[in-house]
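The structure appears below as structure tokens.
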Amino acid sequence: MKKFNFKGFGKRQVTLLSLVILIAVAGYINITHKDEDAIPVSGEIDLQQEAPPLSASQGDEYFALSRHEKEKSRSAAMEVYREVSKDSSNTAAVKEDAQKELTASAKAIETEALLEGLIKAKGFEDAIVYISEGAANIVVKTMGLTPGQAAQIKELVMENAKIAADKIKIVEIK
């Protein structure tokens with residue numbers, strides 16, 4: 001069995017690794033958190049489970065704050081990946097993993113922006129898309145999401161993000 005060499009693994013690398021792990025855990029919790037407001041995209045939709053109505057300004061605030069928080073957390077994560085990939089004391093494998101994560105984050109940002117635009121083009125007032133680890137969560141501002149509209153959104157995500165239907169969750173904000 002090969003022993004792990006801790007030479008060159010200082011406080012900075014431990015701090016960076018801890019931050020990366022914390023960001024990954026926070027993202028995982030955010031993605032897997034199940035809201036009662038989620039609308040199933042396959043099978044029947046239970047119209048009795050409606051989100052408490054938000055006023056127009058509250059809905060707009062939600063989308064603005066969500067976009068800001070998403071940008072802030074992504075920027076922090078990408079900065080950590082950049083530092084890890086540039087740190088000369090890290091191994092080539094660690095640098096390569098950080099570069100892959102950086103590339104995946106950039107691709108997710110691009111795909112999310114594309115999907116948000118396409119969803120708005122379908123007639124929805126606003127939308128925010130979160131893509132992480134082969135899953136997508138979509139928050140849509142609408143006065144009532146029909147099964148047909150949910151299917152349209154699901155189809156857009158499947159086609160443009162290559163995500164399986166069972167990994168797509170749609171949440172409605174009024």
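Here are the numbers:
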{"read-out": "Those residues of the stretch 1-31 which are exposed (fewer than 10 other Cβ atoms within 10 Å of the Cβ) and modelled with pLDDT under 70, in sequence order", "value": "1, 2, 3, 4, 5, 6, 7"}
{"read-out": "Total residues in the stretch 134-166, condition among the charged types (D, E, K, R) and either more than 20 Å from residue 110 (Cα to Cα) or surrounded by 18 or more Cβ atoms within 10 Å (Cβ to Cβ) (or both)", "value": "3"}
{"read-out": "Residues within the stretch 99-129 that are surrounded by fewer than 18 Cβ atoms within 10 Å (Cβ to Cβ) and touching an Asp or Glu at 6+ places or on another chain (Cβ under 8 Å), tallied", "value": "1"}
{"read-out": "Selection within the stretch 59-81 - surrounded by 12 or more Cβ atoms within 10 Å (Cβ to Cβ), farther than 19 Å from residue 25 by Cα and modelled with pLDDT of 85 or more", "value": "61, 62, 63, 64, 67"}
{"read-out": "Among the candidates 94, 84, residue that is under 28 Å from residue 18 (Cβ atoms), buried (at least 18 other Cβ atoms within 10 Å of the Cβ) and modelled with pLDDT under 95", "value": "84"}
{"read-out": "One residue from 157, 171, 84 being over 28 Å from residue 12 (Cβ atoms) and part of a helix (DSSP H, G or I)", "value": "157"}
{"read-out": "Residue within the stretch 110-124 that is part of a helix (DSSP H, G or I), farther than 20 Å from residue 159 by Cα, of a type in the set (A, V, I, L, M) and free of Cβ contacts under 8 Å to residues at least 40 places away in the same chain present", "value": "no"}
{"read-out": "Residue match in the stretch 40-55 (condition: assigned to a helix (DSSP H, G or I) and either surrounded by 15 or more Cβ atoms within 10 Å (Cβ to Cβ) or modelled with pLDDT of 70 or more (or both))", "value": "no"}
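The values are calculated or read from the model by the stated rules, or taken from the named source; none is laboratory data. Because the structure is predicted, anything quoted here is derived from the model rather than measured. Cβ coordinates were reconstructed from backbone atoms using ideal geometry, including for glycine residues, and neighbour counts include every protein chain displayed.
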